[in-house]
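Heads up: the structure comes next, in structure tokens.
The values are calculated or read from the model by the stated rules, or taken from the named source; none is laboratory data. Only a predicted model underlies this, so the values are computations on that prediction, with no experimental measurement involved. Note that each Cβ is placed from the backbone with ideal geometry, even for glycine, and that neighbours are counted across all protein chains shown.
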């Protein structure tokens with residue numbers, strides 16, 4: 001079973017459009033790091049993530065205080081404007097062969113890819129949900145349009161192409 005390591009923004013986007021539980025029905029193992037969990041501060045979002053942890057479907061790598069100097073050093077080595085949280089995602093991903101990072105953060109994507117780690121974003125998640133039959137085409141189109149309204153940084157052309165494709169398939 002494939003392992004994905006989630007960054008904060010993927011969890012928040014999925015929660016905001018009501019697809020968090022659907023995402024966790026995919027045939028993957030979802031991991032993250034404690035730094036990501038600590039960034040989720042809105043009470044409803046935090047409760048939803050904690051419930052996934054309690055149910056054993058979200059694996060959280062916790063770094064003890066003794067790892068903090070190594071994590072800070074790794075953050076410096078990563079360079080750029082990478083946050084400590086983002087660098088811990090890469091640090092963890094380096095320890096899991098053939099994993100994939102899921103993120104919408106360009107800096108995290110670039111630094112992870114430089115280290116040979118597979119990286120995908122929310123559009124990949126949508127594609128997988130549709131391909132695996134977990135999200136009907138018409139609903140995928142509506143949810144992606146809703147996400148684009150709250151996250152306009154998504155690539156407009158790719159979003160529009162998916163919406164158009166899924167609307168055609170969903171109406172036939």
Would it be correct to say that residue 17 is surrounded by 14 or more Cβ atoms within 10 Å (Cβ to Cβ), more than 13 Å from the chain's Cα centre (by Cα), in the same structural domain as residue 71 (by TED's automatic domain parsing) and at pLDDT 95 or above? yes
Which members of segment 116-172 meet the condition of being outside any helix (DSSP H, G or I), free of Cβ contacts under 8 Å to residues at least 12 places away in the same chain and over 20 Å from residue 15 (Cα atoms)? 116, 172
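For the structure I just gave you, tell me whether residue 56 is part of a loop (DSSP other than H, G, I, E, B) and surrounded by fewer than 14 Cβ atoms within 10 Å (Cβ to Cβ).
Against the criterion (part of a loop (DSSP other than H, G, I, E, B) and surrounded by fewer than 14 Cβ atoms within 10 Å (Cβ to Cβ)), residue 56 qualifies.
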Filter segment 59-82 down to residues that are over 16 Å from the mean Cα position of the chain (by Cα) and either in a helix (DSSP H, G or I) or buried (at least 17 other Cβ atoms within 10 Å of the Cβ) (or both), then give me how many there are. 15
Here are some conditions: (1) closer than 20 Å to residue 27 by Cβ; (2) out of contact with any helix residue (DSSP H, G or I) (no Cβ under 8 Å at 6 or more places or on another chain); (3) modelled with pLDDT of 95 or more. Residue 47 meets all but one. Which one does it not meet? (1)
Exactly one condition in (1) in contact with a strand residue (DSSP E or B) (Cβ under 8 Å, 6 or more places away or on another chain); (2) crowded, with 17+ Cβ neighbours inside 10 Å; (3) under 16 Å from residue 31 (Cβ atoms) is not met by residue 109; state its number. (3)
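Is there a residue being assigned to a helix (DSSP H, G or I), free of Cβ contacts under 8 Å to residues at least 12 places away in the same chain and either under 17 Å from the mean Cα position of the chain (by Cα) or closer than 15 Å to residue 17 by Cα (or both) anywhere in segment 91-108?
Scanning segment 91-108, I find at least one residue that is assigned to a helix (DSSP H, G or I), free of Cβ contacts under 8 Å to residues at least 12 places away in the same chain and either under 17 Å from the mean Cα position of the chain (by Cα) or closer than 15 Å to residue 17 by Cα (or both), so the answer is yes.
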